[in-house]
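Some notes on the structure that comes next.
Nothing in this text is a laboratory measurement; each read-out follows from the coordinates by a stated rule. Keep in mind it's a predicted model, so treat the numbers as computed, not measured. Cβ coordinates were reconstructed from backbone atoms using ideal geometry, including for glycine residues, and neighbour counts include every protein chain displayed.
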Amino acid sequence: MDNRIFRLSALALAISALAALPAAAGAEETPVGLNGRAAFSFAESRGNTDNQAITGEAEVQYRTDGRWVYDSQFGFVTREENNIRTEERYDFRATANYFWTPDNYFFGRLAWRKDNFGSVREETVPSVGYGRVLIQNDKHSLKGEIALGYRFAELSDGTEEEGVAVTTGARYLWNLSETTDVFQNLLVQWSSDNTFLESETGLTTNLVGNLNGRVSYRVRRNSDVPVGTRNSDFLTTIGVEYRF
């Protein structure tokens, strides 16, 4: 597992380093105004063991007619077994982006994570960084980012951590057909106390109008956790997504 995490971390750094290269031709302007999506999934099983899982996430972006673009994301996961809560997790992120060219931007971001059953119970990271649109055409889009921030965290054993954090990330989208997209999102966050990695791979396909089917597989890993807790979480979701 450690070797795989190292390779993924190196990949994120390599993608960020590509920011020095010229962007691909054929970039398209995103329309001014508000757009976004909301996704939801529900699973239930009954028998010898009763299980219920609910996940949801939403993304909203507002593009001004100038150089500023604002976006936010929110997500949650809950799971119960025999009416006992076994998982409860929330994520929130808000970003202000300033594009000084169509492909280059600076950003300020506030990220917050809370996991009531995880090894890292709560984490807040304000940061500033640089991003670049590396590819933007009819079939593919790729964006890389690197940021410097400060991490505040509380672990499951009550320990508190804080310190400088460096974050790299990449978002890739492949327009497989007129109705189907494949996506890969990767984030790696380094600090003196912990290395956090999150990878999400998925597919969306249009059902009708603005309603899509969505399948995704997400891995989250913390390198340093209290004794007796797991450092990795895996989540597979199958649900619907509405775009606006």
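With kT/(6 pi eta Rh) evaluated at 37 °C and eta = 0.692 mPa s, and Rh the Kirkwood radius from Cα pairs, the chain diffuses with a coefficient of 170 µm²/s according to Stokes-Einstein. Here the gap between Glu81 and Asn104, fully extended at 0.36 nm per residue and compared with their Cα-Cα distance, gives a gain of 3.6 nm. With only Cα atoms counted, region 26-108 has Rg and Dmax values of 18.8, 59 Å. From zero outward in steps of 10 Å, how is the percent of C-alpha pairs of region 63-171 spread across the bins? For region 63-171, the pair-distance distribution reads 13, 35, 30, 17, 6, 0. Counting only C-alpha contacts under 8 Å and six or more residues apart, can you give the relative contact order of the chain as a whole percent? Worked out over the chain, it gives 15 percent. Extension gain, Phe183 to Phe244: 0.36 nm times the residue separation minus the Cα-Cα distance gives 20.1 nm. Contact order for region 66-130, expressed relative to its length and based on alpha carbon pairs under 8 Å spaced 6+ residues apart, stands at 27 percent. For a modelled paramagnetic label at Ile54, 7 Å from Cα along Cα-to-Cβ, the residues of region 70-90 in reach, with backbone nitrogen under 18 Å, are 74-90. In the elastic network of the chain, a GNM with C-alpha springs shorter than 10 Å, the most mobile of Ala43, Ala111, Ala96 is Ala43. The stretch between Ser192 and Asn116, if pulled fully straight at 0.36 nm per residue, gains 25.0 nm over its current Cα-Cα span.
If you plug the beta carbon distance of Arg230 and Leu176 into 1/(1 + (r/R0)^6) with R0 = 45 Å, you get a FRET efficiency near 0.85.
About its Cα centre, the chain has a charge dipole of approximately 460 debye under the convention of +1 per Lys or Arg Cβ and -1 per Asp or Glu Cβ, with nothing else charged. Structural descriptor for region 97-141: relative contact order 35 percent, calculated from alpha carbon pairs under 8 angstrom and at least 6 residues apart.
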